[in-house]
Amino acid sequence: MNDTQSYNPKTIESKWQKIWTDTKAFEPSNDFSKPKKYILSMFPYPSGAIHMGHVRNYCIGDAIARYYRMYGYNVLHPIGFDAFGMPAENAAIKNHIHPKDWTYSNMKTMLQEMFSLGLSFSNKRVIETCDPLYSKYEQEFFIKMWKRNLVYRKKALLNWCPKDLTVLANEQVIDGKCWRCESEVIQKEMYQYYLKITDYAEELLQDLDSLEGEWPSQVLSMQRNWIGKSQGLEFDFLLDKQSQEMLEHKVASINVYTTRCDTIYGVSCCIIAPEHQIIDILLDKKLLDSTSIQIITKIRNQSERERAQAQKEGVALPLHVIHPLSGKKLPIWVSNFILMSYGSGAIMSVPSHDERDFEFAKKYHLNFLPVVAPDDKESGNDGINAPYTADGILCNSEEYSGLTSAQAREQISLFFERNNKGKRITHYKLRDWGISRQRYWGTPIPLIHCPNCGVLEEIALPVTLPEDIQITGEGNPLDKHPTWKYTKCHQCKANAVRETDTMDTFVESSWYFLHYTTPQELRDKNAFDTQSLQYFMPVNQYIGGIEHAILHLLYARFFTKVLRDLQYHSFDEPFSALLTQGMVLKQGAKMSKSLGNVVEPKHIIESYGADTARLFTLFAAPPTYALEWNDEGVRGCYKFINRLIDRKTRVKKSKEIPQIDIEALNKDSKIARYKIYDALQKYHNIFDKKLDGYPFNVVIAACMEAHNAISAQDNDMVFTEGYYILLHILEGFIPHIASELSQELFALTNFRPLKVDSQAFIQDEITYVVSINGKKRAQISLPAETSKEEVIAHAKTNVQKWLTHEIKKEVFVPKKLVNFVL
Ligand code: ANZ
Ligand code: ZN
């Protein structure tokens, strides 16, 4: 950069981006003896252009990656695209563009935009999950899982548009209607493939403990709740004789699951799910009146989500059960709040002690009786006017009255177990993962259906998508394709058909981070190079949005464990530490297209350069906090960079960081050195985990302060030393200009680690703020060894004229301030 030129980010930034590419600056080395760091920002969906949320995500990761690279680590910092998915098909329907063309063109644009930010991604490890090679490995995993019974096929209810003859995703159902044609959506039973994540429920829960402190506690608790482990009793309610006869002895009892068997004497009825087998029999035998049938049919056509949002609604059935302990006859109801997919699809309803049962009982005027008394009586919820849901002391419960809830659960469970009437079980809310999608733009499920041999795995992988496809929104494009699905059975040679479902795109994002460890040149041989995989994994720092707190992270953890059990590797958890970045807001609202308050990264880069965009996103808020977009703040960052450049003329060019004779320094120079090393210390503290959550804003603020301090003092060597250190710290945030200036002034081609000079922290003088009732009135500097009493005495003389009343209290904060309370 020439001295007379003003700051021109465009030239500087493209110069350095080219240098980095040419020198392969960000490619990890194959030297596995070096210490490593794997820094990973969640990969984007190729929606078209990057937005500020992406910029924030990548700038955080980049600052971390650059630090570790500078401090001698072998850093893997890759990027790729989660390239399959529905928006590509929506674009195809709307704009008649092929999903593949749309996706590849978006990936190209976004990669260019990321490149223009100077992000230190490895160029050679990019993953595009729609690549047939990626599909091949995913299909291999699927088949291995299929052979191990970790995949199974089961009928399930799906949203179905009867006009478009297509399955709809939840977000395509708007107010119960198809998003395209507005037909009433119905629930249709179809075969689906499931991954048996429930086999791993306990391990997925247990291993969360090992992430304590390294993952946000909120994410850990969301994962725990999602897995939803509970312990309870499972037992049967016998149907009375008359009811058994009505059902022609097809069903003798109703099995229920309860976590609160201590409330068993408070049962007012049994409630079953609308899909319960008893309902089928009643419908079949025409034992229900037309209103009941109408209500049941309506509920059956609702998804679980809709049911959860709807009012509780139910119908009394012409059946009764016998209470297993009291022998009383109780009614049976059916209702929308009982799910067939949880427990046994039936409950014992205890209105006095359960919120939902209480609401239901109130609505339908059912009787109820409190059986657990609050042990404090303070809460006011007595089980009559409001449900009492906590543990307490049993009442109205025959011989169990007087026991605590915990004791009663133990004894009642024992009674059931001893009499072979029930058993204690551990239950998980977690369900198996349904991965079938009736869509084109996804990884084909590698199975075939043979009329003689049943469902068999494909032999030749990858099974790729046909390109000559019609995507109209009607039907399943793969199923409609004239030839694609027809094949021969490899066992009996009969005509067979391919599976036309593709996989949920969450499957691709469940192992991409493992595949990144495989160097490009080895990728066509195997999914993983074992040595690289073992070396780079686990990810040291994963960075992404809180919206992925549950599903993506759970699926990725599950896949990691499955692949471990398939002997690909030997670690248990994929992400050692997780940072969930805050949202990017503008005028207090989330920056989003629908709100029309989007600031395009490319416009900021055009006007101010990538370094300013990067500096602002890291300076405006700590990474985990919401970031409020603010044009003034952006300009402020731009001005800081300009000031930095303006003052470079004072630097005494050299190849080394100058040695300073501390003894000879005046007060201002000492303060300047203190501030410089304070900034460096803070920077180190972030990575030594003395500061949590990567608060780069704190470091940047310290740099700005230090920059002012070195400018304000008169020693050019101190200025030079400070400037050198500033560029060193700023490399992670504004890498282009920091590299440019370091090269120009210090002939630096590679940033090297720096140590903090602890001498800089020894102060001869300490500056105290003196305030009265919290208002600053004076500032005094005293020798460091001055005692507390002396400091207070000096302070008093300096603010004498404001001491109009008696001093009630003297507050002394060592090395900082004295406050007088009047
Ligand atoms: C009686 C009872 C009394 C219950 C009481 C709770 C409180 P967690 O803990 O989340 O596992 N339940 C069981 N199966 C259900 C289904 N298919 N649909 C809807 N609710 C169902 O929940 C277990 C509790 O959820 C069970 O314990 C049952 O209600 C209900 F004072 O039984 B409980
Ligand atoms: Zn066959």
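Brief remarks on what is shown
- Computed from Cα atoms, the angle from the helix 788-798 axis to the main principal axis of the chain rounds to 70 degrees.
- Take 248-255, 273-280 and order them by the average number of nearby Cβ atoms within 10 Å per residue, most first; the result is 273-280, 248-255.
- Each other residue within a Cβ distance under 10 Å of Ser344 adds +1 if Lys or Arg and -1 if Asp or Glu, for a net charge of -2.
- Relative to the longest principal axis of the Cα atoms of the chain, helix 667-687 runs at roughly 20 degrees.
- The order of the peptides 699-706, 17-24 by mean Cβ neighbours within 10 Å, most packed first, is 699-706, 17-24.
- Counting beta carbons within 10 Å around each of Ile686, Ile97 and listing the fewest first gives the order Ile97, Ile686.
- Sites matching chymotrypsin sites (Phe, Trp or Tyr not before Pro) across the range 473-510 that sit in DSSP coil, with at most 16 neighbouring C-beta atoms within 10 Å: none
- Whole-Å distance, taken between Cα centres, linking the range 510-577 and the range 38-60: 19
- For the range 784-807 versus the range 137-207, the spacing of their alpha-carbon centroids is 74 Å.
- Each Lys or Arg adds one and each Asp or Glu takes one away; over the other residues whose Cβ falls under 15 Å from the Cβ of Ala747, this sums to +2.
- Positive contributions from Lys and Arg (+1) and negative ones from Asp and Glu (-1), summed over other residues with Cβ under 15 Å from the Cβ of Thr804, come out at +4.
- Percent RCO, i.e. relative contact order, over the chain, from Cα pairs under 8 Å lying at least 6 residues apart: 13
- Helical contribution to [θ] at 222 nm, DSSP H n ≥ 4, -39,500 (n - 2.57), averaged over the chain, rounded to 500: -11000 deg cm²/dmol
- Residue (of Thr624, Ala494, Pro601) at the positive-pole extreme of the chain, dipole from beta-carbon charges: Pro601
- Packing-based ranking of 83-89, 748-754 yields 83-89, 748-754, ordered from highest to lowest mean Cβ neighbour count within 10 Å.
- With respect to the chain, whose longest principal axis is taken over its alpha-carbon atoms, helix 52-70 is tilted by about 60°.
- Ordering Ser47, Leu288, Val371 by Cα displacement along the dipole of the chain toward the positive end leaves Ser47 in first place; charges were set at the Cβ atoms of Lys, Arg (+1) and Asp, Glu (-1).
- The residue list Ile143, Cys178, Cys270 was ranked by how far each Cα lies along the charge dipole of the chain toward its positive end, using unit charges on Cβ atoms, and Cys178 comes out on top.
- Measuring between alpha carbons in the structure, the pairs from Lys155/Lys188; Lys124/Lys525; Lys593/Lys639; Lys250/Lys286 lying more than 18 angstrom apart are Lys593/Lys639.
- Order of Met222, Met114 - criterion: other Cβ atoms within 10 Å of each residue's Cβ, fewest first: Met222, Met114
- Here the dipole of the chain is about 800 debye; that uses its Cα centre as origin and unit charges on the Cβ of Lys and Arg (positive) and Asp and Glu (negative).
- Dipole magnitude for the range 51-124: about 180 debye, using +1 per Lys or Arg Cβ and -1 per Asp or Glu Cβ, origin at the Cα centre.
- Centre-to-centre separation between the Cα atoms of the range 333-367 and those of the range 267-323: 11 Å.
- Antiparallel %, DSSP beta bridges [both residues in the chain], to 5: 75
- Straight-line cross-link partners of Lys808 among the aspartates and glutamates, defined as a Cα under 20 Å from its Cα and at least 8 positions apart when in the same chain: Glu789, Glu790.
- For the listed residue pairs Lys18/Lys652; Lys682/Lys755; Lys177/Lys590; Lys298/Lys423; Lys36/Lys689, the alpha carbons are over 23 angstrom apart in Lys18/Lys652; Lys177/Lys590; Lys298/Lys423.
Read-outs: derived from the displayed coordinates by stated rules, not from any lab. This is a predicted model, so every value here is computed, not measured. Backbone-built Cβ (ideal geometry, glycine too); neighbour counts: all protein chains shown.
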